[in-house]
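To start, the structure itself, in structure tokens.
The values are calculated or read from the model by the stated rules, or taken from the named source; none is laboratory data. Bear in mind the structure is a predicted one, so any value in this text is a computation, not a measurement. When we count neighbours, we look across all protein chains shown, and the Cβ atoms used for this are built from the backbone with ideal geometry, even at glycine.
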Amino acid sequence: MDHLTRPAERAREELGVDLPPRAHRCDGGLTTSGQEVPYCGTCGIRACGVARGVLNCAHCRDCPCATLLPHARPDQTATLDVIWEALASR
């Protein structure tokens with residue numbers, strides 16, 4: 001769970017959200033069968049995805065956007081690039 005410690009610290013420092021590291025697990029987007037934690041109900045990224053009706057940010061025509069970028073690590077945006085390429089080839 002060490003990989004969740006830094007997001008927990010960032011959330012506390014930058015957003016004033018004080019949740020334990022395990023609460024920062026996220027399956028993203030509109031998942032209904034994956035991990036859901038208390039923060040899901042207040043997550044701006046999730047709210048955006050629900051409002052737009054997309055599975056996750058990779059399926060949004062406006063991604064990357066001002067809602068996502070402050071929370072994304074470089075490796076995550078690289079993953080989005082791979083997903084976009086796969087979606088474009090459909």
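Against the numbered list (1) in contact (Cβ under 8 Å) with a residue 12 or more places away in the chain; (2) in a helix (DSSP H, G or I); (3) surrounded by fewer than 16 Cβ atoms within 10 Å (Cβ to Cβ), L55 comes up short only at (2).
Pick out the one residue from P38, P64, P21, P74 that is at pLDDT 80 or above and out of contact with any His (no Cβ under 8 Å at 6 or more places or on another chain). So the residue among P38, P64, P21, P74 that is at pLDDT 80 or above and out of contact with any His (no Cβ under 8 Å at 6 or more places or on another chain) is P64. The set of residues from the range 49-64 being among the hydrophobic types (A, V, I, L, M, F, W, C) and closer than 24 Å to L4 by Cβ comprises V50, L55, C57, A58, C63. The residue that is farthest from the chain's Cα centre (by Cα), among those in the range 41-57 that are among the small types (G, A, S) and either at pLDDT below 85 or closer than 18 Å to V17 by Cβ (or both), is G41. Only a single item in (1) within 27 Å of E9 (Cα to Cα); (2) at pLDDT below 85 is not met by A88, and it is number (1).
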